[in-house]
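Have a look at the structure below, then the notes.
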Amino acid sequence: MASLTAAILGATAQLFLEFGYDRTPLARVAERAGVSKATLFKQFPTKAELFEATVLAAGGSPAPEPVEIPTGDLYAGLVVLGRAYSELLTRPRMVALMRTVIAESHHFPELRERTFDFGTLPVLQARGRYLREAHSARSADIDDPDLASEFLGMIASAIFWPRLTHGTWSITKEEQSRAVDEAARTIAARFATP
């Protein structure tokens, strides 16, 4: 069943990226996935549900590798989290799928909310846990870890958003590492305790 769902979602992602939501008939999805229309409709009764499942699956897979976050050094821990976030943002299809979400969001206002984290939720959760632990250990003075959300915002501003808005823009691995390093230094300078 899982491989059948994966085949359907994979075919759907290809077709939505190629033709867009409106110009992708469900019959073509079934054909591309190698399933009957009845099988497709049994799993995904509406095109909206199929679109939502496709976007959420693409944003969350492959699952990120668990990361060991060093304790006692706020900067080092932020670098590890920042690299994990950078990896998520630079996954193949991430920009194209986000463009599709933006283009189709008028059809699915609830999809904007459900895909806001777009596969980054594990990193957001890890960041929150790490900053709460750093605050408890008194290596950082952060009462509310969500206030440090600018950390991921700085990384996305350097790595993701230019790719989203400028189709030919690219960034090297070294530039990605530098963006993560600078974001980690900025947050550590603001929140680390002496």
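The values are calculated or read from the model by the stated rules, or taken from the named source; none is laboratory data. Quick caveat, the model's predicted, so the values are computed rather than measured. A quick note on method: Cβ atoms are made from the backbone with ideal geometry, for glycine too, and the neighbour counts reach across all protein chains shown. To get the accessible areas, we keep the full protein, side chains included, count just its heavy atoms, and leave off ligands, DNA and RNA. Shrake-Rupley method; radii C 1.70, N 1.55, O 1.52, S 1.80 Å.
The figures follow:
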quantity	calculated
Accessible area per residue, Å², the chain with all protein chains present, probe 1.4 Å	55
Local electrostatic count at Leu40 - Lys and Arg +1, Asp and Glu -1, tallied over other residues with Cβ under 13 Å	+3
Summed side-chain charge close to Ala30 - residues other than Ala30 whose Cβ falls under 13 Å, Lys, Arg +1, Asp, Glu -1	+4
Sulfur and carbon atoms: percent of accessible area, the chain [1.4 Å]	55
Taking the chain and dividing mean pair separation by its residue count, relative contact order in percent (alpha carbons under 8 Å, at least six apart)	23
Surrounding net charge for Ala158, when Lys and Arg each add one and Asp and Glu each subtract one, Cβ distance under 9 Å	-1
Span-rule helices in the chain, defined as complete DSSP H runs reaching 18 Å or more along the axis (Cα) with Kyte mean at least -1.0	2-19, 47-60, 74-89, 121-136, 173-191
Region 142-194 shape via C-alpha gyration tensor axes, a/c threshold 1.5	oblate
Zero-based 5 Å bins, Cα pair distances in region 1-55, whole percents	4, 23, 39, 26, 6, 1
Which label in (i) 49, 36, 35; (ii) 61, 46, 35; (iii) 63, 35, 27 gives the computed Cα extents along the principal axes in Å	(iii)
Separation of the Ser36 and Arg138 label points, Cα + 7 Å toward Cβ, nm	6.9
